[in-house]
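Colleague: Next up is a structure, given as structure tokens.
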Amino acid sequence: QQVQEDLNKQLFDNLVSFLRRSHSEFQEKTTEWTCRMKSREIPTAALVLGVNVTDHDLTFRSLSEVLQNNITPYIALLEAKDCPGIKNLMQKLMGQLMNCYVDVDSLEDEDYVQVSQNRIRCSMTSLTNWYETVTKKTDSETPSKKRTSSSRDWQFPPVVVIFKDMESFTTKVLQDFIVISSQHIRELPLVLIFGIATSPMIIHSLLPHSVSSLLCIELFQSLSCKEHLSTIIDKLVLTAQFPFKLGEKVLQVLINIFLYHDLSVQNFIKGFQLCIVEHFYSQPLSVLCCQPVDAKKRVNSLSHDQCENIRKLPSFRRYVESQVSEKQIALLTADNFLKEVTQKLLEDLRVYHENYVSVLRCLHVFTSSLPKYPLGKQIRELHCACLENRVWETEEYESSLQLARMLNKSDLVTMLQQCVEIFVSSSGNEFDKTVEKLKEFLTQFQKLEAEAFQEQDVSISSQKELQKKTDLYHLQKTLLELKESRRSKKLTKFEMLRFEVVDYIDSLVRNYLVPADHKTLHEIVYFNTASVLRGHLNAAPRIALHTALNNPYCYLKNQALKSDGGRISNKAPDICIVYKLHLECGRLINLVDWLEAFSTVVMAVEGPNADAASSDQVDDIIHARFIRAVSELELLGFIKPSKRKTDHVARLTWGGC
């Protein structure tokens, strides 16, 4: 929430400034406001938030709080689903402004709202009278009783109406409200805020020119949802502040859902929270996923069973196998020695994370400046590549190094300066020599620049001498010497230094960007079960339907529904029997044959009760049950009527789930 507020701060500040201008013009009755009143223009903010509609609620709640604290207490948030007509809109508007409850269903045939003991008609005139009463009451208060908030020191605070989803409002409702409001703009300082998910052009698509001309529109653009996501990953994932980490596959699942489904940062955060819950629920050693201050205490309090769980971890078993035999025996038998080693390994893991983040940011400075972005433009893409495998063994990394060896001096100097800032601000203690080395590179580049000026003067003088040699023989001889020197040209000092810088960055990558699954005890802090997360977040309705219809016991837990193999139980629900029978058919299903098969299965249990009713009645009941089951199957999309044969239906699904 704090990150979201920081990201939206600039946007909210601009909106507050816009509302202050609108308010001051109304308050001071300036010429500009007078002209606007004559033309009956309503100050309007077109707020473009993007297609991530699920994040808009949080944005509007935060905006409402900011406006209440800085501008006005009179704010109404309207949604299209609550305002199908102008009457409903006025009811909602007055209900929110007057802090009274409005039951739209009970007021369906009325144009009144209940305020205290009075019934007020829902009209703009009533709203204007209410505003005059409220502002006079506020103005008549003594200074000691006045509220201290800046938004309430003003005599005539504006009335802000926020349309949260403008595209969903009907054209007639918007037109009627704007036309009516423009007629009362002299008495009521109304300001509109349109929440737009698509494009500002939607205003002109929904409203004719005669209506849109009544609005004085100013455009406000929020940051894109991808920029929000990058900041969230930077603050929550790429940080050593929090011990919990996401594995490569898990992070990729969350990013893919964001990019290809909803573009919702809120849903990404919910997925992140789900990973935390799942990790601490399913991993017995997650108690050690804590801050360094608590780690030592928790390690010392481990039970024998928890120590055995540590010994079962695959990464720890690899660690044990790499030790000498005496230490292997101690690690596998002595719990106290195991706890000491565990403390050291957890501290090494924490240091690894601190160093990893710093070097990753430094590498991103280089890769994000390269053309075509071989390792991706965003740091999240680079992070996933480093988690997946040894990034220096990939073709994309080799391409990045080749491109980096062709960078010009100004770009290299800028990148080195950014890397110095990253390592200086790093919490790791291993980068003092790295900072010194990078500063040494910067000093050498400065020396090269001074030498370049001298060489430039020498080359100019040599060219002048060459021009003086008018003799054809000497001129030809000099040109041949220049040609030979270019063929056997050695690397310049700048090129050698550039190669040295790139090789040094490469050495940092190889030392510090080792994949996390190569580190001992990484299972304690990393959540890697992407299949579990995918099962929670990615809906698979067809699989669920097939499981429910093919094996109802899975959901109903009724022992009578247990069946062996492909046998059709006569105690299953009718739709399950019909579904299993339809799986045995081809593309077209004969309804008569299907009914007979259904009757055979059902009569296996109905048989003993056949004496209680006539056979005709039993047939009618079975026939009715069959028709209902087939209709339900058609509603679920498994079959459809066939035009080729009237007594057949066509099957729509094939293959196993």
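The values are calculated or read from the model by the stated rules, or taken from the named source; none is laboratory data. Remember, it's a predicted structure, so these values are computed and weren't measured experimentally. Cβ: placed from backbone, ideal geometry, glycine included. Neighbour counts: every protein chain shown. For accessibility, only protein heavy atoms count, side chains too; no ligands or nucleic acids. Shrake-Rupley method; radii C 1.70, N 1.55, O 1.52, S 1.80 Å.
Colleague: Quick check on this structure: which one of Glu451, Glu440, Glu500 is part of a helix (DSSP H, G or I), at pLDDT 70 or above and open to solvent by less than 70 Å² (accessible area, probe 1.4 Å)?
Modeller: One residue alone meets the criteria, Glu451.
Colleague: Give me the residue from the stretch 165-223 that is part of a loop (DSSP other than H, G, I, E, B) and of a type in the set (Asp, Glu) and, out of that set, nearest to Glu5 (Cα to Cα).
Modeller: For the stretch 165-223, the residue satisfying everything is Asp165.
Colleague: Name the pairs whose Cβ atoms lie under 7 Å apart, with the first residue in the stretch 197-213 and in contact (Cβ under 8 Å) with a residue 24 or more places away in the chain and within 16 Å of Phe177 (Cα to Cα), the second open to solvent by less than 30 Å² (accessible area, probe 1.4 Å) and not acidic (Asp, Glu), and 6 or more positions between them or separate chains?
Modeller: Going by the 7 Å Cβ cut-off, the qualifying pairs are Ile203/Ala46; Ile203/Phe194; Ile203/Ser212; Leu206/Leu174; Leu207/Leu174; Val211/Ile178.
Colleague: Exactly one condition in (1) more than 8 Å from the chain's Cα centre (by Cα); (2) open to solvent by less than 40 Å² (accessible area, probe 1.4 Å); (3) under 25 Å from Lys377 (Cα atoms) is not met by Ser212; state its number.
Modeller: Failed condition: (3).
Colleague: Kindly provide the set of residues from the stretch 63-83 that are over 31 Å from the mean Cα position of the chain (by Cα) and either surrounded by fewer than 16 Cβ atoms within 10 Å (Cβ to Cβ) or over 22 Å from Leu19 (Cβ atoms) (or both), ordered by number.
Modeller: none
Colleague: Hey, among the residues in the stretch 181-202 that are in contact with a Ser or Thr (Cβ under 8 Å, 6 or more places away or on another chain) and over 12 Å from Asp165 (Cα atoms), which one's surrounded by the fewest Cβ atoms within 10 Å (Cβ to Cβ)?
Modeller: Of everything passing the filter in the stretch 181-202, Glu187 is surrounded by the fewest Cβ atoms within 10 Å (Cβ to Cβ).
Colleague: Next question. Could you list, in sequence order, all residues of the stretch 44-100 that are assigned to a loop (DSSP other than H, G, I, E, B) and of a type in the set (A, V, I, L, M)?
Modeller: Across the stretch 44-100, the qualifying residues are Leu49, Val51, Ile71, Met98.
Colleague: Another question, if that's okay. Checking the condition open to solvent by 20 Å² or more (accessible area, probe 1.4 Å), in contact with a His (Cβ under 7 Å, 6 or more places away or on another chain) and not acidic (Asp, Glu), which residue from Leu259, Leu263, Leu274 passes?
Modeller: Exactly one of Leu259, Leu263, Leu274 is open to solvent by 20 Å² or more (accessible area, probe 1.4 Å), in contact with a His (Cβ under 7 Å, 6 or more places away or on another chain) and not acidic (Asp, Glu), namely Leu274.
Colleague: Looking only at the stretch 533-552, count every residue that is of a type outside the set (S, T, N, Q), buried (at least 16 other Cβ atoms within 10 Å of the Cβ) and farther than 27 Å from His279 by Cβ and tell me the total.
Modeller: Total meeting the criteria: 5.
Colleague: Could you figure out which of (1) under 25 Å from Leu251 (Cα atoms); (2) open to solvent by 90 Å² or more (accessible area, probe 1.4 Å); (3) touching a helix residue (DSSP H, G or I) at 6+ places or on another chain (Cβ under 7 Å) isn't true of Pro284?
Modeller: Result: Pro284 passes all but (2).
Colleague: Let me ask you something else. In the stretch 376-389, what count of residues is obtained for those that are assigned to a helix (DSSP H, G or I) and open to solvent by 60 Å² or more (accessible area, probe 1.4 Å)?
Modeller: Of the residues in that region, 2 qualify.
Colleague: Tally up the residues in the stretch 569-607 that are outside any helix (DSSP H, G or I), in contact (Cβ under 8 Å) with a residue 12 or more places away in the chain and open to solvent by less than 30 Å² (accessible area, probe 1.4 Å), please.
Modeller: Residues flagged as outside any helix (DSSP H, G or I), in contact (Cβ under 8 Å) with a residue 12 or more places away in the chain and open to solvent by less than 30 Å² (accessible area, probe 1.4 Å) within the stretch 569-607 amount to 2.
Colleague: Let me ask something else about it. Residue by residue through the stretch 351-375, note down the ones that are open to solvent by 10 Å² or more (accessible area, probe 1.4 Å) and in a loop (DSSP other than H, G, I, E, B).
Modeller: The answer is Ser368, Ser369, Pro371, Lys372, Tyr373, Pro374, Leu375.
Colleague: Using the structure shown, decide if Gln343 is open to solvent by less than 50 Å² (accessible area, probe 1.4 Å), touching a residue at least 12 places away in the same chain (Cβ under 8 Å) and under 19 Å from Pro243 (Cα atoms).
Modeller: So Gln343 fails the test.
Colleague: Still on this model: Contact list please: Cβ distance under 7 Å, first residue in the stretch 313-339 and under 25 Å from Asn528 (Cβ atoms), second residue aromatic (Phe, Trp, Tyr), pairs at least six apart or on different chains.
Modeller: Leu331/Phe337
Colleague: If you don't mind, another one. Output the number of residues of the stretch 210-258 satisfying the condition of being within 30 Å of Ile193 (Cα to Cα) and out of contact with any strand residue (DSSP E or B) (no Cβ under 7 Å at 6 or more places or on another chain).
Modeller: So the answer is 15.
Colleague: Additional query: Take the conditions open to solvent by 20 Å² or more (accessible area, probe 1.4 Å), over 29 Å from Lys433 (Cβ atoms), touching a helix residue (DSSP H, G or I) at 6+ places or on another chain (Cβ under 7 Å) and among the aromatic types (Phe, Trp, Tyr) and apply them to Phe337. Does it pass?
Modeller: Criteria met by Phe337.
Colleague: Do you know which residues across the stretch 519-547 are touching a strand residue (DSSP E or B) at 6+ places or on another chain (Cβ under 6 Å) and in a helix (DSSP H, G or I)?
Modeller: Val525 - this is the single residue of the stretch 519-547 that is touching a strand residue (DSSP E or B) at 6+ places or on another chain (Cβ under 6 Å) and in a helix (DSSP H, G or I).
Colleague: If I filter the stretch 390-437 down to residues being open to solvent by 60 Å² or more (accessible area, probe 1.4 Å), in a loop (DSSP other than H, G, I, E, B) and of a type in the set (Ser, Thr, Tyr), which single residue comes out as farthest from Glu500 (Cα to Cα)?
Modeller: Ser427
Colleague: Among the residues of the stretch 543-588, write down those that are aromatic (Phe, Trp, Tyr) and touching a His at 6+ places or on another chain (Cβ under 9 Å).
Modeller: Matches in the stretch 543-588: Tyr579 only.
Colleague: All but one of (1) touching an Asp or Glu at 6+ places or on another chain (Cβ under 9 Å); (2) within 18 Å of Phe244 (Cβ to Cβ) hold for Arg298; which doesn't?
Modeller: Of the numbered conditions (1) touching an Asp or Glu at 6+ places or on another chain (Cβ under 9 Å); (2) within 18 Å of Phe244 (Cβ to Cβ), the odd one out for Arg298 is (1).
Colleague: Please determine whether any residue of the stretch 223-243 is of a type in the set (Asp, Glu) and crowded, with 19+ Cβ neighbours inside 10 Å.
Modeller: No; the residues of the stretch 223-243 include none that is of a type in the set (Asp, Glu) and crowded, with 19+ Cβ neighbours inside 10 Å.
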